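Worksheet: the structure to be examined is printed underneath.
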Amino acid sequence: MNMLKGKRVLLGVTGGIAAYRAAELARMLTREGAEVRVAMTAAACEFVQPLTFQALCGHPVMLSLFDQQEESQIGHIAAARWPDCIVVAPATANFIGKAAGGIADDLLTTIVMASRKPVVLAPAMNWAMWQNEFVQANLARLTALERFQIVPPEEGEMACGETGKGRLATLDFIIDRVVYASREEKDLHDETVLITSGPTYEDIDPVRFVANRSSGKMGFALAREARARGGRVILIAGPNSLIPPCDVQVVPVRTAAQMLEAVRKHAPEANVIIKAAAVADFRPARTADRKIHKDEGDFSLPLVKTVDILSELGQSKRHNQFLVGFAAETHQVMTYGSQKLREKRLDLIVVNDVSEEGAGFEVDTNVVKVIDNAGHIEQWPMMPKAKVAVMLFDLIQKHRANQKGPDKGRDGHSVRPSHRPGGGRRRRSKRGGGGGGGGGGESRGGEGRANGGNPEGQPA
Ligand code: PMT
């Protein structure tokens, strides 16, 4: 939500049956905060009325290179300069061929040629056309240029009744790519970010398991944001029903033991690790091979502790690795959060009171406090998890920049108090991003220092 706030996106629609899905895409782009203008080819207008897009985006649709009235409103050169990003969805074989061949014979191809901004192409066509060697050669030609990014089509049944690869990509993937393309600042470029998300399922028997309420939304939002910043992202995900972020390596796991194994495998390559997963603290001592029947009598379930993955990461942390934990609490939240920060040797801990409305499990929002290892506390008001992710990465990058300073060690004393949530990056206002400065300000004193005292005035 609001991942495109302040961004200008030009949506090009070309003539394929998937043109009707471009209307939904326009709506989603707008909902993400983008200002959207639409340019349609003549063939696209055979499938969808320009009025649809005008109603959705609030601007007249650009249709013709030679329309006197349109040219007087926004000429094709002005249209090429206007956006932060161009997305063409659906992109037909014909359009791709023209773009790759340097042909500009209508408004949309002229805009794309005259622009220097990133172009996201979401092809959609019959599977045989998709496989055609000229189409593939044209795509290869375009992707060789950094400016062009392709969101490949998906497998499935097509409008013509045939089945194969050629359906327009999932719209969320296209949005992810537009977010990525329109971010100027890629401050995680060349960095590997490891994120864990979701619950773990600990099996009792083949039909029952012990789990928790985590949906994975918080971890997925973090992965999406890390990718938008140019990071190579590995997302170790417990069971979930979410659409994975585009261009993120997802490692699906079920149990705490599987998550441990996956984390052990990928942690050594990670520069930043964020453990947003709600890992089971206990698992059944034994998993029955067969369904346990109720007529077998009373049943009690002996549990044993799982390995604390985050503690293990804290023990083995490299000097240039940044480690962030989450704490899901229902009472004495700051006391427990501070304790976990200290005992698990973290750089930051994100504390959420999961009994609070709009916070924690399942919901799209969160209410968090972030404690660093020098005891400073940031307190953010309720906001979408996507925005929490933006602000958390702003904070992480600020801390990492401080740690890299010439005279600064990694003992935590080098970390200066921040002045406002999300205020650590330049070009904040230009990037928009929905994260900067919108928080509730740093809490100094009111909550007390995290490592000392007793922030809640209760017995710890
Ligand atoms: O997934 P959502 O529905 O969006 O919900 C988000 C969330 C509530 C799950 C998330 O915001 C959150 O709080 N995640 C951490 C949940 C949790 O397990 O907290 P904890 O206080 O029990 O654990 C503290 C930390 O230790 C966590 O980073 C956890 O990943 C880690 N841990 C815990 C147990 C264990 N065996 N291994 C671990 O690594």
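The values are calculated or read from the model by the stated rules, or taken from the named source; none is laboratory data. Note that the structure is a prediction, hence the values are computed from the model and not measured. Cβ placement follows ideal geometry from the backbone for every residue including glycine, while neighbour counts extend to all protein chains displayed. Heavy atoms of the whole protein, side chains included, go into the accessibility calculation; ligands, DNA and RNA do not. Shrake-Rupley method; radii C 1.70, N 1.55, O 1.52, S 1.80 Å.
Summary table below
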{"read-out": "The stretch 21-59: number of residues that are surrounded by 24 or more Cβ atoms within 10 Å (Cβ to Cβ) and among the aromatic types (Phe, Trp, Tyr)", "value": "1"}
{"read-out": "Number of the condition not met by residue 236 [criteria: (1) open to solvent by 20 Å² or more (accessible area, probe 1.4 Å); (2) within 12 Å of the ligand (Cβ to nearest atom)]", "value": "(1)"}
{"read-out": "Residues within the stretch 92-144 that are more than 19 Å from residue 174 (Cα to Cα), among the basic types (Lys, Arg) and either open to solvent by less than 10 Å² (accessible area, probe 1.4 Å) or touching a residue at least 12 places away in the same chain (Cβ under 8 Å) (or both), tallied", "value": "2"}
{"read-out": "Residue check for residue 32: under 23 Å from residue 148 (Cα atoms) and touching a residue at least 12 places away in the same chain (Cβ under 8 Å)", "value": "yes"}
{"read-out": "Residue, nearest to the ligand (Cβ to nearest atom), within the stretch 198-233, restricted to residues that are β-branched (Val, Ile, Thr) and surrounded by fewer than 24 Cβ atoms within 10 Å (Cβ to Cβ)", "value": "210"}
{"read-out": "Residue within the stretch 285-293 that is surrounded by 14 or more Cβ atoms within 10 Å (Cβ to Cβ), touching a strand residue (DSSP E or B) at 6+ places or on another chain (Cβ under 7 Å) and within 26 Å of residue 234 (Cα to Cα) present", "value": "no"}
{"read-out": "Looking only at the stretch 17-43, and only at residues there that are in contact with a helix residue (DSSP H, G or I) (Cβ under 7 Å, 6 or more places away or on another chain) and assigned to a loop (DSSP other than H, G, I, E, B), the one that is farthest from residue 86 (Cα to Cα)", "value": "17"}
{"read-out": "Leading residue by the ranking (nearest to the ligand (Cβ to nearest atom)) among those in the stretch 250-270 that are over 20 Å from residue 318 (Cα atoms) and surrounded by fewer than 19 Cβ atoms within 10 Å (Cβ to Cβ)", "value": "257"}
{"read-out": "Meets criteria (near the ligand (Cβ under 9 Å from one of its atoms), open to solvent by 50 Å² or more (accessible area, probe 1.4 Å) and among the β-branched types (Val, Ile, Thr)) for residue 307", "value": "yes"}
{"read-out": "Residue that is modelled with the lowest pLDDT [pool: residues in the stretch 3-20 that are closer than 24 Å to residue 393 by Cβ and open to solvent by 60 Å² or more (accessible area, probe 1.4 Å)]", "value": "5"}
{"read-out": "Flag for residue 99 being modelled with pLDDT of 95 or more, outside any loop (DSSP other than H, G, I, E, B) and closer than 13 Å to residue 142 by Cβ", "value": "yes"}
{"read-out": "Hits in the stretch 328-338 (condition: of a type outside the set (Ser, Thr, Tyr) and near the ligand (Cβ under 10 Å from one of its atoms))", "value": "328, 329, 333, 337"}
{"read-out": "Selection count where residues are more than 13 Å from the ligand (Cβ to nearest atom) and β-branched (Val, Ile, Thr), scope the stretch 280-304", "value": "2"}
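So that you can scan it fast, the table gives a plain yes or no per residue for (1) within 21 Å of residue 281 (Cβ to Cβ); (2) at pLDDT 95 or above; (3) of a type in the set (A, V, I, L, M):
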residue	(1), (2), (3)
319	no, no, no
323	yes, yes, yes
341	yes, yes, yes
347	no, yes, no
364	no, yes, no
381	no, yes, no
389	no, yes, yes
424	no, no, no
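Residues are listed down the side, and each one gets a yes or a no for (1) more than 26 Å from the chain's Cα centre (by Cα); (2) closer than 24 Å to residue 399 by Cα; (3) surrounded by 20 or more Cβ atoms within 10 Å (Cβ to Cβ):
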{"position": "326", "(1), (2), (3)": "no, yes, yes"}
{"position": "334", "(1), (2), (3)": "yes, yes, yes"}
{"position": "337", "(1), (2), (3)": "no, yes, yes"}
{"position": "347", "(1), (2), (3)": "no, yes, yes"}
{"position": "351", "(1), (2), (3)": "no, yes, yes"}
{"position": "361", "(1), (2), (3)": "no, no, no"}
{"position": "364", "(1), (2), (3)": "no, no, no"}
{"position": "367", "(1), (2), (3)": "no, yes, yes"}
{"position": "370", "(1), (2), (3)": "no, yes, yes"}
